[in-house]
Protein chains: 2
Amino acid sequence: MEKTKEGAVLLLSGGMDSATCLWWMRREVAGPIHALSIDYGQRHRVELECAAHLAGRAGVPHKVVGLDLAAIGGSPLTDAGLAVPAAREDRQLATVVPFRNLLFATLAAAWAETLGLAAVYLAPVKDDYRSYRDCRRPFYDSLEGTLGLGATREGRWTLHTPFVDQWKTEVVKLGLELGVPYELTHTCYEGKRPACGQCDACAERLAAFAANGVPDPLAYAAA
Amino acid sequence: MEKTKEGAVLLLSGGMDSATCLWWMRREVAGPIHALSIDYGQRHRVELECAAHLAGRAGVPHKVVGLDLAAIGGSPLTDAGLAVPAAREDRQLATVVPFRNLLFATLAAAWAETLGLAAVYLAPVKDDYRSYRDCRRPFYDSLEGTLGLGATREGRWTLHTPFVDQWKTEVVKLGLELGVPYELTHTCYEGKRPACGQCDACAERLAAFAANGVPDPLAYAAA
């Protein structure tokens, strides 16, 4: 397959979806790939270590930028005083940091512009967009236009979301084909090692591996 | 005059334009006003102190959120290794942090959403938009749409830029009428006290006061 896509910055969270996107980009993207992770005061800081390990394994440069979302608060992902909702509870609304993906995508675009690039890859998946409006393609279409208007110099900006119409199960299927080292990825909202296996994120992850008939290489706490 | 405008978050830099906007909002806005400043690793950190003093004087709550733009770099405003261009040099392009206003406006929107508000005020002025594409209204129009699509819940977002079509000279004229305490504001790119009087920002400020026939209450270093 011919690689034709331009170089880009990938938002690498350390989770399964962006890890899969990184391995997919290694196959598809001809230009340089730079991975960016955001240190936003997340409780599950092990994600940042995972992102560094994944970038190292993939052989791409990795950068961490700080963002003090904990100061804005309102989310149990950053506020240690709030409980993380279990999978059965009313979904993920309570885990939203307002405009988190807009901030992350814009930081990635800023880093891309500094590098002379004009493309950003993100890995929202179809499972996300029932609860998260900023995981939907119309949002990213609009942001592409905003970036084009706000960039230092006139020019087209591209936000690639290759998995936005795929379920997590399909993304894991692709990742297994690509040889993504899922043992290096992190998912648990509780930030635990071994993973809690109980939170919404763990439940989704386990379901995605089960649907592919493959055991999850991660360790989980006994139920 | 009847106040009808909804409560909002104001991006308060500590400079003249946003200070004027704060005093203008005290006259025009009926709902609560919250001031937000971004600690982005600026060399001129005295700005953040000025913002706190201005908010205190205006009697509005003030919050500072951290953003590690220095990690992205590329600008003498955050990189101590780069020289600040003098006023005569080729304008302000070299002082741009990519997508800085997009990041700041989005942080303000995130804080607004946390507060239950859906409006942000910013104070770009006409002088800015020759060099800064993200000081122009089409950019903010586009961002309003992006915010509406990315917010946690569906709804209209408003980005107010009341001075976008006014020259700095006109903004200072309004501020003098409103009694803005300009002695509490900061402008100098070099971050000096007394101000350097030489950099592009000082030059613009001095010209704005001169055009209004009023002495600038700030202290300047001898030329």
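What follows draws every value from the coordinates through simple rules; no lab data is involved. This one's a predicted model, so the numbers in the text were calculated from it and none came from an experiment. Cβ sites come from the backbone with ideal geometry, for glycine too, and all protein chains shown count toward neighbours.
Any of A:5/A:168; B:5/B:192; B:5/B:63; A:5/B:126; A:5/A:192 with alpha carbons more than 30 Å apart? Name them for me.
Pairs exceeding 30 Å: B:5/B:192; A:5/B:126; A:5/A:192.
In chain A, Cα pairs under 8 Å separated by at least six residues give a relative contact order of 24 percent. With the biggest extent put first, the Cα atoms of region A:1-70 measure 43, 17, 17 Å across the principal axes.
Rounded to the nearest 10 degrees, the angle from helix B:100-115 to the longest Cα principal axis of chain B is 40 degrees. Between residue A:176 and residue B:153, the modelled label-to-label distance comes to 4.1 nm, taking each label 7 Å out from Cα in the direction of the beta carbon. Among B:204, B:6, sorting on how many other beta-carbon atoms sit within 10 Å of each Cβ, with the fewest leading, yields B:6, B:204.
Among the residues of B:108-114, the average count of other protein chain beta-carbon atoms within 10 Å of the residue beta-carbon is 5.
Three principal axis extents describe the C-alpha atoms of the protein assembly as shown; from largest down they are 78, 46, 32 Å. Summarised in one figure, the compactness ratio Rg/Rh of region A:8-186, Cα atoms and Kirkwood Rh, is 0.94. Given springs between every Cα pair under 10 Å in a Gaussian network model of chain A, which of A:106, A:20, A:146 has the largest fluctuation? Evaluated over chain A, the most mobile residue of the options is A:146.
Ascending distances from the residue B:30 label point to its copies in the other chains, with the point 7 Å along the Cα-to-beta-carbon line: 5.9 nm. Other residues lying with their Cβ under 9 Å from the Cβ of residue A:68 contribute a combined charge of -2, Lys and Arg counting +1, Asp and Glu -1.
Per the rotation superposing chains B and A, the chain B residue found at the smallest beta carbon distance from the axis is B:146, 2, distance in Å. Distance between the C-alpha centres of region A:153-223 and region A:110-149: 19 Å, rounded to the whole angstrom.
Residues A:40, A:129, B:121 in ascending order of nearby Cβ atoms (within 10 Å, fewest first): A:129, A:40, B:121. Think of each Lys and Arg Cβ as +1 and each Asp and Glu Cβ as -1; about the Cα centre, that makes the dipole of chain B roughly 160 debye. For chain B, the longest principal axis of the Cα atoms and the long axis of helix B:168-178 meet at an angle of about 70 degrees. With each label modelled as a point 7 angstrom along the Cα→C-beta vector, the residue B:64-residue A:49 pair spans 3.2 nm. Panel order for A:131, B:18, by other beta carbons found within 10 Å of each beta carbon, from fewest to most: A:131, B:18.
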